[in-house]
Amino acid sequence: MRLSQSLIPTLKETPAEAQIASHRLMLRAGLVRQMASGIYAWLPAGLRVLNKISAIVREEQAAAGAQELLMPTIQSADLWRESGRYEAYGKEMLRITDRHERDLLYGPTNEEMITSIMRESVKSYRELPQNLYHIQWKFRDEVRPRFGVLRGREFLMKDGYGFDLDYAGALLTYKKMMLAYMRTFQRIGITAIPMRADTGQIGGDLSHEFHILAPTGESGVFYDATFEAGDPAAAADVETFYEQMTTIYAATDEKHDLAAWEKIPDERRREGRGIEVGQIFYFGKKYSESMNFTVTGHDGTKIFPEMGSYGIGVSRLAGAIIEARHDEAGIIWPDAIAPFRAAILNLRQGDAATDKICNELHEKLGADCLYDDREERAGAKFAEADLMGHPWQIIAGPRGAANGQVELKRRATGERLELSVADALAKVM
Ligand code: ATP
Ligand code: MG
Ligand code: MG
Ligand code: MG
């Protein structure tokens, strides 16, 4: 993509309304714009990030056996009256009345809706287990929307729902989802730690939150340093993995257990702040019973399926990753979800040899590269590339171009190399 023809409205000034780095950088790098309190438009570069995160989420959900569907954002209040949550949910729910005076709402989550879909279609034990998810916008009328997309009112969530015949099955689904989540975060390129958590609004008794460490996180977190090393998703099987994840200490302040904490050797105790980027719940028959969803068992008796729900904050992740990965100059995107894997900086637009090299690079790197072909000073191009945080910068100027050389800069380390065009391409691709 040519920067001269792109809508990437970067800002030189720091926006006054932004209190934390990720919010400032998302505005400054032209990723998002606020349209109303807690409601954001995702501009082209920002949308590329959302789509890349979603693609990784989809692949790992498919690998874990989950099926994708798409439920609407608007739901009928009657569904929520069945589970008893229409009144209970309170002011975070955006309630809407249509022209026939029917009560609707903008979904903050989808347990009721997926249960009603399953209730309509699934009648026999032979049709279970099933695991379904969608990636859809949610609305929660947060008391204090803040920190940009970290706490928006409208936000993109992957929410999945497991239906099993018995507790053993539901627990296995829970473990598989935890593994899928750890693989997802690992592929995205960040460290997220699973922590025992309270179940809150969703209800139930087994739950973990996944936290990214960042000083601006809203939760206090306590964990064993073992989580910082190792490769959590490398365990031989799902049982071993789950055993490891749940025996190594990690808890948010709400669930912090001093007795267990004090058993960890001093040098392995870590205390910090975390951003919640996902949460998984097992809640048993809460919705199948309240909404009367049964299947017929093999002996003809009625069974209320055992359920769990599995959420990832897709739009929050974009902000949380920046919160964990930035410096004075700007964003440091992980390779897997950067809006563009590489940027080409043409330091002398109009110089025949330089233009030729840049055009060749642009063609070979394809859609995942941003070509800064503007008539701008070199200094401005460097600053904007650092701000936008492309993992690789390929810098072409007349001196190197005369010998077929470019400079390759790695954003994360600042390392620079003089290379031939072919060698630069080989490193980046
Ligand atoms: P929080 O504690 O931050 O209010 P939550 O526990 O209410 O989040 P869940 O119901 O567990 O959120 O939803 C699943 C995921 O959706 C969360 O882990 C988070 O990543 C994301 N999420 C929740 N609320 C918001 C929001 N207001 N803006 C952006 N993402 C959100
Ligand atoms: Mg909340
Ligand atoms: Mg929470
Ligand atoms: Mg939560």
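Restricted to region 342-429, the set of strands (runs of 3 or more DSSP E) holding at least 1 residues that are surrounded by fewer than 19 Cβ atoms within 10 Å (Cβ to Cβ), of a type in the set (D, E, K, R) and without any contact (Cβ under 8 Å) to a residue 60 or more places away in the chain comprises 405-410, 416-420. Looking across region 193-242 at every residue that is away from ligand 3 (no atom under 14 Å from the Cβ) and of a type in the set (S, T, N, Q), the one that is nearest to I322 (Cα to Cα) is identified as T216. Any idea which of Y133, Y106 is touching a residue at least 60 places away in the same chain (Cβ under 8 Å), buried (at least 17 other Cβ atoms within 10 Å of the Cβ) and closer than 23 Å to S54 by Cβ? Of Y133, Y106, the one residue that is touching a residue at least 60 places away in the same chain (Cβ under 8 Å), buried (at least 17 other Cβ atoms within 10 Å of the Cβ) and closer than 23 Å to S54 by Cβ is Y133. Within 16 Å of ligand 1 (Cβ to nearest atom), among the charged types (D, E, K, R) and more than 23 Å from P129 (Cα to Cα): does that describe R273? So R273 fits the description; yes. Consider only pairs whose beta carbons are under 9 Å apart and that are at least six residues apart or on different chains; among these, list those whose first residue lies in region 198-209 and is modelled with pLDDT of 70 or more and whose second residue is part of a helix (DSSP H, G or I) and near ligand 3 (Cβ under 10 Å from one of its atoms). Partner pairs satisfying both residue conditions: D198/E254; S207/G200.
Residues that are in contact with an Asp or Glu (Cβ under 9 Å, 6 or more places away or on another chain), more than 24 Å from Q130 (Cα to Cα) and buried (at least 20 other Cβ atoms within 10 Å of the Cβ) within region 152-193 comprise G152, I193, listed in sequence order.
Can you tell me which of R99, R95, R119, R153 is of a type in the set (K, R) and within 16 Å of ligand 2 (Cβ to nearest atom)? Matching residue, one of R99, R95, R119, R153: R153. For region 53-79, residues that are over 20 Å from the mean Cα position of the chain (by Cα) and part of a helix (DSSP H, G or I) total 3. Residue count for region 6-29 satisfying the condition of being in contact (Cβ under 8 Å) with a residue 40 or more places away in the chain and part of a loop (DSSP other than H, G, I, E, B): 7.
Apart from one condition, A259 fits all of (1) away from ligand 2 (no atom under 16 Å from the Cβ); (2) in a helix (DSSP H, G or I); (3) surrounded by 13 or more Cβ atoms within 10 Å (Cβ to Cβ); the exception is (3). Suppose the filter is closer than 30 Å to D166 by Cβ and either in a helix (DSSP H, G or I) or without any contact (Cβ under 8 Å) to a residue 60 or more places away in the chain (or both); does S309 pass it? No.
Can you confirm whether region 286-308 contains a residue that is within 16 Å of ligand 2 (Cβ to nearest atom) and under 26 Å from the mean Cα position of the chain (by Cα)? Within region 286-308, not a single residue is within 16 Å of ligand 2 (Cβ to nearest atom) and under 26 Å from the mean Cα position of the chain (by Cα). Residue count for region 269-285 satisfying the condition of being closer than 17 Å to G220 by Cα and surrounded by 14 or more Cβ atoms within 10 Å (Cβ to Cβ): 10.
Here G90 qualifies as loosely packed, with under 14 Cβ neighbours inside 10 Å and within 16 Å of ligand 1 (Cβ to nearest atom).
The values are calculated or read from the model by the stated rules, or taken from the named source; none is laboratory data. Note that the coordinates shown come from a computational prediction; the quantities given were computed from them, not determined experimentally. Reconstructed Cβ throughout: ideal geometry from the backbone, glycine too, with neighbour counts over all protein chains shown.
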